[in-house]
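Asker: First the structure, then my questions, so here it is.
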Amino acid sequence: MSVPIELRDVSHFYSPGTAMQVAAIKNISLTIEEGEFVGIIGHTGSGKSTLISHFNGLLKPSKGTVLVDGEDISQSKEVLRAARFKVGLCFQYPEAQLFEETVAKDIAFGPKNMKLPEDEIARRVAEAAKYVGLRPEMLDKSPFDLSGGEKRRAAIAGVMAMEPKVLVLDEPAAGLDPRGKKEIHELIRNYRSRTGSTVVLVSHSMEDIANLADRVIVMNHGEIAMNGTVDEVFSHASDLQTMGLNVPEITRVFTALHDKGFDVPPNIYSVKEGVRILRALLEGGVG
Amino acid sequence: MVKDITFGQYYPSKSALHNMDARMKLVLTFAMIVCIFLCHNFFSLGVMALFTVIAVIFSRVPVKMLLKSIKPVLVILIFTAVLNIFYTKGGETYFTLFNKISITEKGVNTAVFTMIRIVVLVVLSSLLTYTTTPTMLTDALERLLSPLKVFHIKVHTLAMMMTLALRFIPTLIEEIDRIMNAQKARGADLETGGLIKRAKALIPIFIPLMVSSFRRAYELAFAMTCRCYTGGDGRTRMKQMKLGYRDFIALLICLISLAGIIVLNRFFIKII
Amino acid sequence: MEKLIEIKNLTYTYEPDEEGQTGYTAVKNVSLDINKGEFVAVLGHNGSGKSTLAKLMNAIFEPTEGTVTVKGIPSVSEENGDRIRRIVGMVFQNPDNQIVATIVEDDVAFGPENLGVEPAEIRRRVDEALKTVNMYEHREREPHRLSGGQKQRVAIAGVLAMRTECMILDEPTAMLDPKGRQEVINTVLRLNKEQGMTVVLITHFMEEAVLADRVLIMDGGSVISQGTPREIFSKPGFLREHGLDVPQSTELCLELGIEDCVLTVDECVEKLSLMMGGAV
C-alpha cells in the first residue's frame, strides 16, 4: 500500500532567481504513514506553514517531488486536484473561510467541489457536524451567528467533510480559551478514533503535541531538526530550547527531578502519569 | 510572497532628498513631471535627464531599486516604442518592407524620445515615494490642501483615510492570500471556466474578506478612540514640516532646469 | 492604597441589534477597585464579560447601571471619556487592527499627537517609549513587516507615549507564538515593576495570570472570585467548572496533597525535592 504523503528532497524558495532568494524549506524528505498521528513543531518562520502547504499542492516545490498516495502531484492537473481532497488542509484561524448562508451549506462547500451526489453530500455534512459536536439545529443558522468556538468547529467540519485520507491542522486551537482548546483536542481524538485516518497537527503547545501525537517532526530554519517518537524528541530538552521551543511543563518538572538524582523517569507527559509515579515513590519511601 | 508587494515603497535613508520638506518635494516633482512634457528636442530632454540623474544621486536610492520600479512599465515602454517606430513617418527612410512597413528617421527619434520621457517620469515619481514615507506624503497633501477648508472640505479626514488605506493594503493582501488558500484547500476552483463561473468562484473569497474588513474597521475605531483620536482639531504633529536650505537649493535647481529647457527648446529644432 | 479605578454595581447591556446582540447583558452588578501600581489579571472563558468590562474601564462604553470612576472622574459623558482615556490606555488582541500608521514611530506618535503635545516633546516620548519596549532600532520600519510580538510592543509603546497611569491589555498574547508571548509579558511585567504602571491584563493563559498581584475570575458577567494567584490556583476544580485551568506544576502538587499552592516549575521541583529527600 502506498504511503499517504511522501516528500523527496523538497525545497521551496521565495523570490527565486533574485538576490533576495530565500529558502523557506530546504532538502526535506519525509513520509507520513497510514494511520499515523504526526505532530509538527517549530518556532514562527521555521518553515512549518510552507511545509504543510506542499502536502496538498497549494505550493509547488522549487526542487524535489511531492507524492500523495504514491502519485507525483506535479504530473497532471487531475492528480493535483485529487490531492487537494486526499489531504485536507485546515489553516490557522479557519473561521476566516466561512462564507455561506448556513453552516450546513458551508460544510458542504468542499464535498460539492468534489462533485459528489446530493445524498452523499448530506451524509457527509451530518457526519462532520457530529464529529465536531455541532448540534443539528445549528446547521441551519448563519455561520456568522455562531460563537467563536463554534465557528472554529464549523470550519474544521468543512475540511473533515471532504473525508480526506490525511487531515492536516495548523494550530487548530489558537486563540481559544482553555475550555475551547480542550474541546478541539477532544474532537480531533474523537475523529481519529472513529475514522482511523491519518492526522498531522502543527502546534506551539508542547503539552498538546505530547498528549496527541505518536511522532514529532521538529522544524528549524527550514530543515527537519528532529524526527522521532515523542520520547525521543522531548528527551532533547536543551536542543529544543536553543531552537526557541520547549518541552511540556510537566516534563520539565520530571527532567529536573531526574537530573537531581531522584529515581523518576524524565519522560512524563501528563499530570496523571506524574501523580501516579510520585505517589508510588513517596509511599514506597515511607514504607 | 505577496507580503513583499510594498505600497508606497519607502527606502529608509538619511539622504538630502529624504530630508527635504515633503511639501516641496511633492510640488517640485509635480512641476518637473510637467516639465518633461515641455521638452521638444533631445537637448532640452537631456537637461531633464541630467536633472533626474542628479536627483537620483542625492537620494542615495540604489539604481537597482529604481530599475525594479521601471519593470512594471516595461511592456508599455516597448509597446509605445514599437508603435512610434512603425507609425510615425517623416525624414529619411532607413528601411522599407513590402512598400508598406517602413522605418523612418522621425519614427526612430520619436520612439527613443518617448521612451526616455517615460523612464524619466517613472524614475521621478518613484523617487518621491522612495524618499518620502506615505505618512509624510499624506501629511504634505493635507497641509497643501488645507486652504480648501474654506470650502468646508474635510481635508484632515480625507488625509486620515488615505493613511489608513495605505496602512491596511498590505494587511488586506495577506488576508486575501489566506482566504484564497483556505478555499483552494477545500477544492475551490478559481482558475478555470467562463466569466460567470469565475465571478461566482470569487464569492467564497469576497464574503469572508468583507466580514473581516468590517470587523477590522470596528476594532480600529475602538483602538483610535482609546488613543484619544477625536478628529483633526487640536492635533499636533511629531514631524514638523519646515522649509530648509535644502528645499531652496532644490527649488533653485528646478528653476535652472526649467530655464535650460526653455532656452534649449528655442535654440534647437522641435522633434516632437 | 490609592484607588485608580472604582467600579460600583456596574451593569452593562448591549443595545439590541448592536453587533447582532439582542439586549445581551455582558456585565452584571460588578463592584471592584483597581489600586495604583497594582497588576491585576482577569481570567474567564470566552463570553464571560472580560472584554466588555475592559471597555467600560476606559470609558469606551458608558455603564447601563452603576458607576465607573477613574481618579474621581465618572465615565458619564464623551468629554469625561476623553479625560479618562488620558489616564487609562488600552492594548487589544489583534495587533493588526490597532496600528494606524505606516511607520512604527509615526504610530507611537499618534496618541500624543491627538493629545496636542508639543512636537519636540512627542519626539522625546516616542523615542523613550520605543526604547522601553526594545523597539527603538525598528522605529523606521513598516509595521506589517514586524512579528506579532513586535507589533504588540509597538502598541504598548503607543500607550506609553501617552503617559497614561494605567494600561489595560485585552488578551494581548492570544494571537502570538510562545516567543512573542514571552516578549510581551516580560515588557508588561517590567513596566509594572520598574515604572509603577498599573496593569490590568485580560488573558487565557494561566502562566501569565500567575505573575499578577491579584487575579479576578469572571463568569456570566460577574466577578465570581478574586485573590492572589496562590489562593485562586489552589482551587483547580472550581476553575475547571468555569472553563479555566491550572498550570501543570500546580496541579501536580495539589494532587499529591502539597498544601501551599506552587505556581512555577522551579517551585514545584523544589517542593518535591524536599518531600522526596529520603527517596533518592
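Asker: By count of other Cβ within 10 Å, fewest leading, how are C:THR13, B:THR192, B:THR138 ordered?
Answerer: With the fewest neighbours first, C:THR13, B:THR192, B:THR138 line up as B:THR192, C:THR13, B:THR138.
Asker: Sticking with this structure for a sec: Averaging sequence separations of C-alpha pairs under 8 Å and six or more residues apart, then dividing by the length of chain B, give the relative contact order as a whole percent.
Answerer: Working: 245 pairs, mean separation 95.0, N = 272.
With pairs under 8 Å counted, the relative contact order is 35 percent.
Asker: What is chain A by shape, rounded, prolate or oblate, if you read a ≥ b ≥ c off the alpha carbon gyration tensor as root eigenvalues and call it rounded for a/c under 1.5, prolate for a/b larger than b/c, and oblate otherwise? Let's see the in-between values first.
Answerer: Details: a/c = 2.11, a/b = 1.28, b/c = 1.64.
Judged from the Cα gyration tensor, chain A comes out oblate (a/c at least 1.5, b/c at or above a/b).
Asker: Taking the beta-carbon count within 10 Å as an exposure proxy, list B:CYS35, A:CYS90, B:CYS254 from fewest neighbours to most. Mind showing how you got there, number by number?
Answerer: Details: B:CYS35 22, A:CYS90 25, B:CYS254 19.
Least to most surrounded, the residues fall as B:CYS254, B:CYS35, A:CYS90.
Asker: Still on this structure, please answer the following. Using the Cα centre as the reference, give the magnitude of the dipole from point charges on the C-beta atoms of the protein assembly as shown (Lys, Arg: +1; Asp, Glu: -1; all else neutral), rounded to the nearest 20 debye. Before the final figure, lay out the partial values.
Answerer: Values: 94 positive and 98 negative charges, 788 e Å.
Taking the Cα centre of the protein assembly as shown as origin, the dipole is about 3780 debye.
Asker: Against the longest principal axis of chain A, how steep is helix A:178-195, in degrees 0 to 90 to the nearest 10, with axes from Cα atoms?
Answerer: The helix A:178-195 is inclined about 70 degrees to chain A.
Asker: Where is the GNM fluctuation largest for chain B (alpha-carbon springs, 10 angstrom cutoff): B:PHE58, B:PHE30, B:PHE98?
Answerer: B:PHE98
Asker: Under a plain spin-label model, where a point goes 7 Å from the Cα along Cα-to-Cβ, how far apart in nm are C:GLN195 and A:ILE277?
Answerer: 4.4
Asker: What average number of partner chain Cβ atoms lie no more than 10 Å from the Cβ of the residues making up B:166-172?
Answerer: 5
Asker: Amide H neighbours of A:THR229 under 5 Å, counting only residues 5+ apart in sequence or on other chains, H built in-plane at 1.01 Å?
Answerer: Counting only residues 5 or more places away or on other chains, the set is A:VAL216.
Asker: Also, I was wondering about something else. Which aspartates and glutamates have a Cα lying under 18 Å from the Cα of B:LYS184, excluding residues fewer than 8 positions away in the same chain?
Answerer: A:GLU78, A:GLU95, A:GLU100, A:ASP106, A:GLU163, A:ASP170, B:GLU174, B:GLU175
Asker: What residue among B:ILE33, B:ILE196, B:ILE76 has the largest mean-square fluctuation in a Gaussian network model of chain B, using Cα springs under 10 Å?
Answerer: Of B:ILE33, B:ILE196, B:ILE76, the most mobile in the Gaussian network model is B:ILE196.
Asker: Hey, with R₀ at 45 Å, roughly what FRET efficiency would A:GLU186 and C:GLU6 work out to, going by the Cβ-Cβ distance, to 0.05? Don't skip to the answer; put the middle values down first.
Answerer: On the way: r = 42 Å, r/R0 = 0.93.
The value I calculate is 0.60.
Asker: Within chain B, which is the longest segment containing none of the GluC sites (Glu not before Pro) that sit in a DSSP loop and have at most 14 other Cβ atoms within 10 Å? Each step should come with its number before you reach the end.
Answerer: On the way: sites that count: B:GLU92, B:GLU191.
Free of exposed loop sites, the longest segment is B:93-190.
Asker: Work out the mean other chain Cβ neighbour count within 10 Å for the residues of B:124-136 and drop it here as an integer. Before the final figure, lay out each step's value.
Answerer: Working: counts 0, 0, 0, 0, 0, 0, 0, 0, 0, 7, 5, 9, 3.
Whole-number average of other-chain Cβ neighbours for B:124-136 is 2.
Asker: If you don't mind, there's one more thing I want to ask. So if a site counts as exposed when it's one of the GluC sites (Glu not before Pro), its DSSP state isn't H, G, I, E or B, and it has at most 15 other Cβ atoms within 10 Å, what's the longest stretch of chain C without one?
Answerer: Working: sites that count: C:GLU2, C:GLU19, C:GLU140, C:GLU259.
It works out to C:20-139.
Asker: Go through C:LYS8/C:LYS193; C:LYS3/C:LYS131; A:LYS60/A:LYS130; A:LYS272/C:LYS55 and tell me which ones have a Cα-Cα distance over 31 Å in this structure. Intermediate values should be presented prior to the final figure.
Answerer: Details: C:LYS8/C:LYS193 28 Å; C:LYS3/C:LYS131 29 Å; A:LYS60/A:LYS130 34 Å; A:LYS272/C:LYS55 40 Å.
Cα-Cα > 31 Å for A:LYS60/A:LYS130; A:LYS272/C:LYS55; rest within.
Asker: Once R0 is set to 45 Å, what does the formula 1/(1 + (r/R0)^6) return for the Cβ-Cβ distance between A:GLU120 and C:GLU15, expressed as a FRET efficiency to the nearest 0.05? Write out the running numbers ahead of the final one.
Answerer: On the way: r = 45 Å, r/R0 = 0.99.
It comes out at approximately 0.50.
Asker: Take peptide C:245-257, look around each residue's Cβ out to 10 angstrom, count Cβ atoms belonging to other protein chains, and average those counts.
Answerer: Values: counts 5, 2, 3, 11, 6, 2, 6, 10, 3, 2, 7, 5, 2.
Rounded to a whole number, the mean comes out at 5.
Asker: Once label points are set 7 Å from the Cα along Cα→Cβ at both B:ILE269 and A:THR65, what is their separation, rounded to one decimal in nm?
Answerer: It is 6.8 nm.
Asker: In the structure displayed, which of A:LYS105/A:LYS165; A:LYS151/C:LYS50; A:LYS260/C:LYS235; B:LYS14/B:LYS239 lie more than 25 Å apart, Cα to Cα? All intermediate terms of the calculation are to be shown ahead of the outcome.
Answerer: On the way: A:LYS105/A:LYS165 22 Å; A:LYS151/C:LYS50 20 Å; A:LYS260/C:LYS235 30 Å; B:LYS14/B:LYS239 15 Å.
With Cα atoms farther than 25 Å apart: A:LYS260/C:LYS235.
Asker: Which values of log₁₀ I(q)/I(0), to two decimal places, follow from the Debye formula for chain B at q = 0.10, 0.15, 0.17 Å⁻¹ with a uniform point scatterer at every Cα?
Answerer: Values returned for q = 0.10, 0.15, 0.17 Å⁻¹ are -0.77, -1.18, -1.28.
Asker: For C:LYS36, list the aspartates and glutamates whose Cα falls under 16 Å from its own Cα; do not include residues on the same chain fewer than 8 positions away.
Answerer: Of all the aspartates and glutamates, those that pass the test against C:LYS36 - Cα under 16 Å, at least 8 places apart if same chain - are C:GLU2, C:GLU6, C:GLU165, C:GLU194, C:ASP213.
Asker: Name all residues of segment A:19-52 having a backbone nitrogen under 14 Å from the label point set 7 Å from the Cα of B:VAL75 along its Cα→Cβ direction, giving them as ranges.
Answerer: Flagged as within label range: none.
Asker: Still on this structure: Taking the alpha-carbon distance from B:LYS270 and a cut-off under 18 Å, which lysines remain once sequence neighbours fewer than 8 residues away in the same chain are dropped?
Answerer: The reachable lysines, counting only those whose Cα sits under 18 Å from B:LYS270, are B:LYS89, B:LYS106.
Asker: What residue among C:ASN134, C:ASN186, C:ASN114 shows peak mean-square fluctuation when chain C is described by a Gaussian network model with Cα springs under 10 Å?
Answerer: Result for chain C, Cα springs under 10 Å: C:ASN114 fluctuates most.
Asker: By count of other Cβ within 10 Å, fewest leading, how are A:VAL202, A:VAL22 ordered? Don't jump to the answer; show the numbers that get you there.
Answerer: Details: A:VAL202 25, A:VAL22 12.
Least to most surrounded, the residues fall as A:VAL22, A:VAL202.
Read-outs: derived from the displayed coordinates by stated rules, not from any lab. This one's a predicted model, so the numbers in the text were calculated from it and none came from an experiment. Note: ideal-geometry Cβ built from the backbone for every residue, glycine included; neighbour counts use all protein chains shown.
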